[in-house]
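For reference, the structure discussed in these notes is given below.
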Amino acid sequence: MEVTFTGSVLEWRGPAPYWFLAVPPEESEDIKEAARGLEYWGQVAVEVRIGDTEFTTALFPKDGRYLVPLKAAARRAAGLTGVEEGEQATASLRIAGRPGLAPPG
């Protein structure tokens, strides 16, 4: 299953800042259904594409939706280092191990 979405960039200010891309609620529900039995501790392993940048990560469940962690290297490669909290970004993701990841578009 592939999902393309536009979501808000979020910052969590813990001991070190962490950045996430929020998956909208409707797409989160679709992912939850497709990942049934594949999740671990509520997380779902995915392959993500933002622009020409591809990386793997695990979605975090939060308040009924998923968050895509944006590692510093992925943010740099995707050109998101200057993005402020609340700005929008578009991504495609695929549950790891499932075929077919096409570019957002």
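The values are calculated or read from the model by the stated rules, or taken from the named source; none is laboratory data. Because the structure is a prediction, the values reported are computed rather than measured. Cβ sites come from the backbone with ideal geometry, for glycine too, and all protein chains shown count toward neighbours.
Any residue that is modelled with pLDDT under 90, in a loop (DSSP other than H, G, I, E, B) and in contact with a Ser or Thr (Cβ under 9 Å, 6 or more places away or on another chain) - is there at least one of those in the stretch 66-75? Yes, the conditions are met somewhere in the stretch 66-75. Scanning the stretch 29-68 for residues that are out of contact with any Gly (no Cβ under 7 Å at 6 or more places or on another chain) and of a type in the set (G, A, S) yields A34, A35, G37, G42, A45, A58, G64. Summed over the stretch 41-55, residues that are out of contact with any helix residue (DSSP H, G or I) (no Cβ under 7 Å at 6 or more places or on another chain) and more than 18 Å from A72 (Cβ to Cβ) total 6. Consider the stretch 41-55 and keep the residues that are charged (D, E, K, R) and in contact with a strand residue (DSSP E or B) (Cβ under 6 Å, 6 or more places away or on another chain). The one that is surrounded by the most Cβ atoms within 10 Å (Cβ to Cβ) is R49.
Does any residue of the stretch 30-40 turn out to be surrounded by 12 or more Cβ atoms within 10 Å (Cβ to Cβ), out of contact with any helix residue (DSSP H, G or I) (no Cβ under 8 Å at 6 or more places or on another chain), free of Cβ contacts under 8 Å to residues at least 40 places away in the same chain and part of a helix (DSSP H, G or I)? Looking through the stretch 30-40, at least one residue is surrounded by 12 or more Cβ atoms within 10 Å (Cβ to Cβ), out of contact with any helix residue (DSSP H, G or I) (no Cβ under 8 Å at 6 or more places or on another chain), free of Cβ contacts under 8 Å to residues at least 40 places away in the same chain and part of a helix (DSSP H, G or I).
Against the condition at pLDDT 95 or above, surrounded by fewer than 13 Cβ atoms within 10 Å (Cβ to Cβ) and of a type outside the set (A, V, I, L, M, F, W, C), how does P25 come out, does it pass? So P25 passes the test. Out of L59, L80, one residue alone is within 14 Å of the chain's Cα centre (by Cα), surrounded by 16 or more Cβ atoms within 10 Å (Cβ to Cβ) and part of a loop (DSSP other than H, G, I, E, B). It is L80. So which residues in the stretch 10-29 are in a strand (DSSP E or B), more than 10 Å from the chain's Cα centre (by Cα) and in contact (Cβ under 8 Å) with a residue 24 or more places away in the chain? Within the stretch 10-29, L10, E11, Y18, W19 meet the criteria.
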